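For reference, the structure is listed below as structure tokens.
What follows is calculated from the coordinates using simple rules that are stated; it is not laboratory data. All values reported here derive from a predicted model rather than from experimental measurement. FYI the Cβ positions are ideal-geometry reconstructions off the backbone, even for glycines, and counts take in every protein chain you see.
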Amino acid sequence: MAPLRFFGVALGTAVAVFAAGAFVHNEYLYLAAYTVAQYIVLATAWNILGGYTGYVNFGAAGFFATGAYTSVFLHKTVALPLFLMIPIAGLICAVLGLAMGYLTLRLRGVFFAIATLAMAIVLHTLVVNWSFVGGARGAYIIRPREVMLFAGYSQYLFATMLALAAIAVSVARWVEHSRLGRGLAAIRDDETAAECSGVPTLRLKLVATSLSGLLMGFAGAPFPYYVGYVDPAGAFNLAYGVNSIAMPLIGGMSSWVGPLIGAVLLGTLQQVLTVTISSAVNLLLVGVLLVTFVTVAPNGIVGLFDKLRRKRGGRDG
Amino acid sequence: MAEPILSATGIVKTFGGFTALDQVDFSVERGERVGLLGPNGSGKSTLVNCITGTLRNDAGQVIFADERIDRLSTHQRIRRGMARTFQIPRPFHSMTVRENIEIALLYAAGPADSEPRRTTHDANADDAMRIVEEVGLHKKADERSGSLTQVDLRKLELARAMAAHPRLLIADEAMAGLSTGEVDEILALLLRLNQAGVSIVMIEHIMYAVMKFAQRIAVLVAGRKIADGDPQSVIANPDVQKAYLGE
């Protein structure tokens with residue numbers, strides 16, 4: 001399917017999901033579904049660098065929070081509408097990704113992962129000490145009372161995040177099938193051999209870190225409006241970093257479907273657990289699922305299905 | 001006479017206090033088959049790495065096709081028409097044989113000497129299949145490269161290098177660990193490539209293969225070039241014999 005057509009289908013799906021929500025008269029549902037859509041964006045963004053390129057980013061929370069705090073900053077200075085803040089937050093996070101790529105170029109494997117974690121901590125410290133955006137106290141964001149075309153702001157936020165999810169998944173799928181994506185796969189498999197096959201590894205890695213950052217910034221930008229009150233502990237929450245890794249891992253990292261499945265599954269489960277048991281069970285579930293999948297199905301749910309299909313194909317043939 | 005396709009002069013490479021290459025000159029004429037010999041640790045692979053850009057030389061210069069390239073990154077050199085294989089095969093293990101080759105077609109596909117530079121859009125599955133057939137891997141085109149046997153991995157290394165449409169191919173121990181029949185297979189492949197106009201540098205320990213293949217042999221010992229000339233006279237050179245057999 002052509003990338004644009006796929007985007008059309010993705011957007012259509014998003015609209016359908018949104019429309020289905022209209023039958024349920026429950027504000028809470030929008031908020032819960034928003035979180036799931038947000039994780040689709042984050043997991044998909046993470047997978048461009050982690051799954052396609054093979055560079056594990058532990059700093060997803062840093063990117064997410066940078067997106068969120070860009071909104072806070074803009075809210076306090078120029079008060080743009082949200083749909084304009086999102087691309088700005090995305091761009092700033094893309095630059096952050098580019099910078100991270102440049103600074104950590106020489107690091108591979110676990111050292112790269114540690115560097116990204118360190119970057120998130122540095123950003124966290126910066127924000128804690130930046131009183132204009134609320135510092136450690138946090139900042140209150142007053143939602144606009146009304147928004148055009150939508151019944152309420154929660155609906156608007158949910159629709160926005162669904163659209164972003166459609167964009168993220170379409171971008172990931174396009175990357176996967178493009179020349180860029182094949183170059184990234186070559187880097188993941190063997191960076192030296194890739195360079196010796198003519199792949200401009202440095203440039204491609206920077207494209208991957210920027211693109212991944214851009215999408216994470218998208219995910220973070222509406223966050224202050226979603227919660228109404230942002231503080232560093234919330235925006236830089238460990239859960240974002242852990243979930244961004246866990247969801248692609250559980251879904252499968254080799255294709256765009258994996259993070260989508262992982263995010264929908266894990267995100268929904270977490271929402272259900274939060275309501276039925278307690279919010280603390282969230283991360284426990286992530287941990288248990290991670291361990292299970294790493295040992296039982298290292299290629300995620302997508303990998304499991306591939307295996308099943310091959311087995312069946314083998315029997316038929 | 002035409003300029004050599006590759007001319008490395010005064011190459012120095014040190015690692016800390018250790019001098020791996022000491023003022024080495026090495027050149028390859030257009031269309032020539034050169035053997036590069038030397039005991040383990042003599043600097044052969046370091047020289048190859050300095051030529052292809054995996055390492056940066058500390059002094060000296062590398063000129064390829066009339067252009068100084070020793071400050072270019074590896075992929076830029078590859079795109080100018082240079083290709084190499086690795087001593088230990090390095091396949092893209094998550095991809096099939098054909099996909100491995102397509103990477104080089106997509107990203108490296110450089111010109112033969114006179115042809116205009118191919119655009120990347122020319123790279124397609126047909127081209128990849130042609131190369132797969134040329135090296136005799138067509139039955140395994142859709143197999144994961146991670147599951148190949150040693151000899152097939154060597155062929156894949158060569159196929160991937162060929163896909164870059166090189167003018168100069170550096171084969172770093174492309175035949176190590178292969179049986180005699182397999183060595184002959186790879187040799188035939190390299191000779192065919194050479195007949196198509198590709199200059200080839202062969203780094204090899206298998207003496208009979210080098211003697212059969214090379215028109216000229218250069219010998220490195222402890223980071224210095226101690227001989228360079230036609231195979232018979234190089235083998236007869238007492239310094240070379242001393243390096244290989246001891247005094």
Among all helices in chain B defined by DSSP H, which have a length of 18 Å or more along the axis from Cα atoms plus a Kyte-Doolittle mean of at least 0.0? B:180-195
Expected unfolding gain across B:Lys139-B:Asp58 under the 0.36 nm per residue rule, minus the alpha-carbon gap, is 24.7 nm
Please tell me the relative contact order of segment A:174-317 in percent, rounded to the nearest whole number, where contacts are Cα pairs under 8 Å and at least six residues apart. 17 percent
With springs only between Cα atoms under 10 Å apart, run a GNM on chain A and tell me which of A:Leu157, A:Leu284, A:Leu238 wobbles the most. A:Leu284
Within segment A:22-46, list the residues whose amide N lies under 12 Å from a label point set 7 Å along Cα→Cβ of A:Thr268. A:33, A:36-37
Taking chain A as a Gaussian network, Cα atoms linked when under 10 Å apart, which of A:Ala235, A:Ala297, A:Ala22 shows the biggest mean-square fluctuation? A:Ala22
Helix-only [θ] at 222 nm, chain B, -39500 (n - 2.57) per DSSP H run of 4+, per residue, nearest 500, equals -10000 deg cm²/dmol
Chain A, relative contact order [Cα under 8 Å, separation at least 6], %: 32 percent
Antiparallel DSSP bridges in the protein assembly as shown: what percent, to the nearest 5? 55 percent
Mind putting a number on the dipole of the protein assembly as shown about its Cα centre? Charges go on the C-beta only, +1 for Lys and Arg and -1 for Asp and Glu, and I need it in Debye to the nearest 20. 1120 debye
Tell me the trypsin sites (Lys or Arg not before Pro) within segment B:37-68 that lie in a loop according to DSSP and have at most 13 other beta-carbon atoms within 10 Å. B:Arg56
Is there a simple number for the mean count of other chain Cβ atoms within 10 Å of the Cβ of residues in A:197-207, and what is it? 6
Cut-off is 10 Å between beta-carbons; in what order do A:Thr13, B:Thr96, A:Thr209 appear when sorted fewest neighbours first? A:Thr13, B:Thr96, A:Thr209
For the pair A:Leu4 and A:Ile142, what calculated FRET efficiency results from E = 1/(1 + (r/R0)^6), where r is the Cβ-Cβ distance and R0 = 41 Å, to the nearest 0.05? 0.60
If each DSSP helix of 4+ residues adds -39,500 (n - 2.57) and the sum is divided by the residues in chain A, what number results at 222 nm, nearest 500 deg cm²/dmol? -25000 deg cm²/dmol
Kyte-Doolittle mean at least 1.6 and Cα axial length at least 18 Å: DSSP H helices in chain A: A:82-103, A:109-128, A:281-296
The alpha-carbon pair-distance distribution computed for segment B:6-245, with 10 angstrom bins and whole-percent values, is 8, 33, 37, 19, 4, 0
Listing A:Val302, B:Val12 from the residue with the fewest other Cβ atoms within 10 Å to the one with the most, what is the order? B:Val12, A:Val302
Considering only segment B:6-245, percent of DSSP beta bridges that pair antiparallel, nearest 5: 55 percent
Taking the Cα centre of chain B as origin and charging only Cβ (+1 Lys, Arg; -1 Asp, Glu), how large is the dipole, in debye to the nearest 20? 420 debye
In a GNM of chain A with a 10 Å cut-off on Cα contacts, which of A:Gly241, A:Gly303, A:Gly220 has the highest mean-square fluctuation? A:Gly303
Note, B:Ala20: beta-carbon cut-off 15 Å, +1 each Lys/Arg, -1 each Asp/Glu, net +3
Can you give me the relative contact order of segment B:134-231 as a percent, contacts being Cα pairs under 8 Å and 6 or more apart? 22 percent
For segment A:211-280 and segment B:186-247, write down the distance between their C-alpha centroids in whole Å. 59 Å
Taking neighbour counts of Cβ atoms within 10 Å as a proxy for exposure, in what order, fewest first, do A:Val127, A:Val275 appear? A:Val275, A:Val127
To the nearest 0.05, what FRET efficiency results for B:Asn40 and A:Val294 with a Förster distance of 45 Å applied to their C-beta separation? 0.70
Along the charge dipole of segment A:3-316, which of A:Val17, A:Thr66, A:Asn129 sits closest to the positive end, that is, farthest toward it, with unit charges on the beta carbon of Lys, Arg, Asp and Glu (+1, +1, -1, -1)? A:Val17
